[in-house]
Structures are given as C-alpha cells and as structure tokens.
Amino acid sequence: MKSQIFDSAIAVAEAAASDAVQTLQSAVNKRGSASWVLAGGSTPNLAYEIIAANYIDHLDWSRITFIIGDERIGPLDGPDNNWQLIEELFLQHVLEATFLRPKSDLTAEDAAADYQSRLEALPRGSNGAPLFDLVWLGMGEDGHTLSLFPDHDDFDPHSSRLVMPVHNSPKPPSDRISLTLYGLTESQKTVILATGEQKKTAVKSAFDSESKLPIAQAARIIDETTWFLDEAASS
Ligand code: 6PG
C-alpha cells in the first residue's frame, strides 16, 4: 500500500485524472480493452470534470467498460443517483463505451442481484471475481467506502457475493447496493481518493495494519493500492 500526498484537493483530482487515463491506456495496450470501477464523492467528481475538460481525446473510450462501485436506490434521474451525476460531469462526453449502470430504480435486493449477474459476465480472475483494471474508492469520515459502513449489520467482510443490498445506511439515502470486498479481490489497481481535514482520523486508522474499517480492509485486498491524499487528510 502506497500513498501520494498533494497540496490540495484539486491537485489530488488532477493526479487521479491523469493516472486513470494512463492506467486504462496501458491495460488497453495489453489486452485490447479495460474496465474501470467509478466512485461517487466530492474528489472523484472533481476528477471527472478534469477528464471531461482535458482528456476526452486521449483514449479510445469504446474499449472501456464502466462499472460503479456503489449506488443509491431511487429514481435513476434523482438527485441522489451517483451514476447520474457522473454522467453529467463526464460520461455524457464519452460517445461510445460499455456502460454497466445499475438498475437502481428496483428494490435493493433486485438491483444487487441484477448487477451481480451483469458483473459475472465480465472477464474473471482465478478466484471468480471480475478482473477490474482500475478501481476508484472514496472514503467517508467514518472510514466507510463504497456502501460498506463500519459496524453495520449488512457489512459482511466474508461475503461471497460480488454485489450486496444495503439497508439503513447511516449516510442517506437508506437503501443502496454495493460491491463487496470479495468483488474487489481481482482488481489490478486501486486508487483511494480522500481529501480534507475531516478525513484525517480515518486515514490514520486505516493505515493501521489491524484496522477493521471497511476502507482499510478494501485497501489491503490487493498490493497495487495507492492513496491519493491532500495535505489536510494526511496530516
Ligand atoms: C456514496 C458514496 C460514498 C462516498 C464517500 C466519500 O454513495 O455515498 O459513494 O461512499 O464515496 O462518502 O464522499 P466524499 O468524497 O464526498 O466525502
């Protein structure tokens, strides 16, 4: 697990944007295609705007499959929908790609089962989880990532599903779907984006090798994990 520290949230977003385009290009060069697990949250959103403004012509997006790590249950065009915002900021500028958008207007159970079956159709690694070339993760102040919340009944670190329903989320809205830890196990590279002083306690805890925080467990799943932090979150 590595970390890179930048002097502002904008600098984190710029670095993440440039890193994503390079990572996806190198996966395309090797295998002809690549997959990217998107994250909701403030810093990823800044990075999406930077990609839309500066990097749209840098990649043949038709080779890319977009997945999202978690989604809120509700109307697809509602204000809570993570994908909808990412589409407005970035994906509407990508003319051709494979977009695996969750059917989050179903119940959490049905949306999770549907997303699981669509992810099962992707190339998979030896342990059965999808081979994601790049995974972006955000982190909440409580150390949650995706919709995996600390000390929450629905967070099962040993789940053998790829996608699970979540109810009673401590961060609204209540109902969600989320990739599980198992769903991340064949990721080729994970980048964790965390900025702001309010995140620094959770960042510090997550670097403890015994930490049970969801972000810490996700960070330890593969070797190729890099934290992109600003000075406020890292201090
Ligand atoms: C969600 C998000 C969530 C987010 C973190 C960090 O659906 O609520 O996916 O997991 O990534 O809470 O968000 P911020 O970067 O906005 O603090």
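Sparse packing (at most 12 other Cβ atoms within 10 Å of the Cβ) combined with a DSSP loop state is found for the following GluC sites (Glu not before Pro) in segment 79-127: GLU96. Which entries in the list LYS2/LYS189; LYS2/LYS199; LYS30/LYS189; LYS2/LYS171 go over 22 Å, if you measure between the two C-alpha atoms of each? Beyond 22 Å: LYS2/LYS171. For segment 204-235, GluC sites (Glu not before Pro) meeting the loop criterion (DSSP other than H, G, I, E, B) and having at most 16 other Cβ atoms within 10 Å: GLU210, GLU224.
Counted by Cβ distance under 11 Å from SER8, the other residues give a net charge of -4, where Lys and Arg count +1 and Asp and Glu count -1.
For the chain, the relative contact order works out to 25 percent when only alpha carbon pairs closer than 8 Å and six or more residues apart are counted.
Between beta-carbons, use under 14 Å as the cut-off and find the net charge around GLU109, counting Lys and Arg +1, Asp and Glu -1.
Numbers: positive: LYS103, ARG161, ARG176; negative: GLU71, ASP105, ASP110, ASP114, ASP154, ASP175.
Around GLU109, the charge tally is -3.
Coupling constants for segment 134-145 follow from the phi torsions by the Karplus curve (6.51 cos²θ - 1.76 cosθ + 1.60, θ = phi - 60°), and in residue order they are 9, 10, 9, 10, x, 8, x, 4, 8, x, 6, 9 Hz; glycine and proline get x. Would you list which aspartates and glutamates come within 14 Å of LYS200, measuring only between C-alpha atoms, while excluding same-chain residues fewer than 8 positions from it? Result set, ordered by chain and number: GLU141, ASP142, ASP208, ASP230, GLU231.
Converting phi to 3J(HN,Hα) with the Karplus coefficients 6.51, -1.76 and 1.60 and the offset θ = phi - 60°, segment 212-223 yields 9, 4, x, 5, 5, 5, 5, 5, 7, 5, 10, 5 Hz in sequence order, with x at every glycine or proline. Each residue of segment 198-210 was assigned a 3J(HN,Hα) from its phi angle through the Karplus expression (A = 6.51, B = -1.76, C = 1.60, θ = phi - 60°), giving 5, 9, 5, 5, 5, 4, 4, 4, 5, 7, 6, 5, 9 Hz with x at Gly and Pro. Placing unit charges on the Cβ atoms only, positive for Lys and Arg and negative for Asp and Glu, gives the chain a dipole magnitude near 580 debye about its Cα centre.
Counting other C-beta atoms within 10 Å, and keeping those with at most 16, which DSSP coil chymotrypsin sites (Phe, Trp or Tyr not before Pro) do you find in segment 59-167? Present the calculation step by step, with values, prior to reporting the outcome.
Working: sites: TRP61, PHE66, TRP83, PHE90, PHE99, TYR115, PHE132, TRP136, PHE155; in loops: PHE90, PHE132, PHE155.
Listed in order of number, the matching sites amount to none.
May I ask for the distance between the Cα centers of segment 130-155 and segment 1-47, given as a whole number of Å? One Cα centre to the other: 17 Å. Charge tally around VAL37: other residues with Cβ under 10 Å, Lys/Arg +1 each, Asp/Glu -1 each, net -2. Residues whose amide H comes within less than 5 Å of that of THR225, counting only those at least five positions distant or on another chain, are LYS2, THR190 (H built at 1.01 Å from N in the peptide plane).
No value in this document is a laboratory result; all are computed from the given coordinates. The structure displayed is predicted, hence computed values, not measured ones. FYI the Cβ positions are ideal-geometry reconstructions off the backbone, even for glycines, and counts take in every protein chain you see.
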